[in-house]
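Worksheet for the structure shown next.
Here, each number is a calculation from the coordinates, and none is a lab measurement. Worth saying up front: this structure is predicted, and the values here are computed from it rather than measured. Here the Cβ positions follow ideal geometry from the backbone for every residue, glycine too, while neighbour counts run over all protein chains shown.
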Amino acid sequence: MEKDKRTFWQFYISIIKTKNLLIFSFYPVKNDYNSKIIKVCLFFFSFALYTFINSLFFTDETMHKIYEDEGIFNFVYLIPKMIYSTIISTAINSLVGYISLSEKIIIQIKKEINSKEYKTKISKTKKCLTIKFFSFFHLV
């Protein structure tokens, strides 16, 4: 709070730009070190993942329960399915995001510009990013 001189709204907008998947994927930010192509691919992968995981929990039994309730939304019956779906989707999406996003690694390298081992760290980082990007596109 002492070092960050932004107002509440500036801080809130910056959080939205980094945490909202739609804005993060398509709205360019000034100091973003993530690949734009990977961000867009991650957006579409996340959308497909959430849809797929949610569809796994809508079985014939669930549809029959909705039919028995005459279309009335039974929130209590669906809460466990919603919670399980959210937990599974968030875990998988976090793992894929960790594999694909490169901003933390690049910022760490930028902080160590004046170190003696700078060139070796850059080559290690390039190899690490190559492996991360390859595994992301192989996974997706």
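In terms of its Cα atoms, the chain spans 70, 41, 22 Å along the principal axes, sorted from long to short.
Hydropathy first: keep DSSP H helices in the chain averaging at least 0.0 on Kyte-Doolittle, then drop any whose Cα extent along the axis falls short of 15 Å, and list what survives.
On the way: long enough: 8-19 (16 Å, 0.34); 36-56 (30 Å, 1.55); 75-100 (36 Å, 1.22); 118-139 (31 Å, -0.06).
Passing helices, by number: 8-19, 36-56, 75-100.
What length, rounded to one decimal in nm, is gained on full extension from Gln10 through to Leu22, with 0.36 nm per residue of separation minus their alpha-carbon distance? Before the final figure, lay out each step's value.
Working: separation 12, 0.36 × 12 = 4.32 nm, distance 1.87 nm.
Gain on extension, Gln10 to Leu22, equals 2.4 nm.
The region of the chain that goes longest without hitting one of the GluC sites (Glu not before Pro) in a DSSP loop, each with at most 15 other Cβ atoms within 10 Å, is 3-69. Under 19 Å of direct C-alpha separation, and excluding same-chain neighbours fewer than eight residues apart, Lys39 reaches these lysines: Lys17, Lys19, Lys30, Lys104, Lys126, Lys132.
For the range 68-121, the Kirkwood radius over C-alpha pairs fed into Stokes-Einstein at 25 °C and 0.890 mPa s yields D = 161 µm² per second. Full extension of the chain between Asp69 and Thr86 yields a length gain of 3.7 nm, computed as 0.36 nm times the residue separation minus the alpha carbon distance. Summing charges over all other residues whose Cβ lies under 15 Å from the Cβ of Ile66, with Lys and Arg as +1 and Asp and Glu as -1, gives -3. Only helices enter the 222 nm calculation for the chain: every DSSP H run of n ≥ 4 contributes -39,500 (n - 2.57), and dividing by all residues gives -24500 deg cm²/dmol, rounded to 500.
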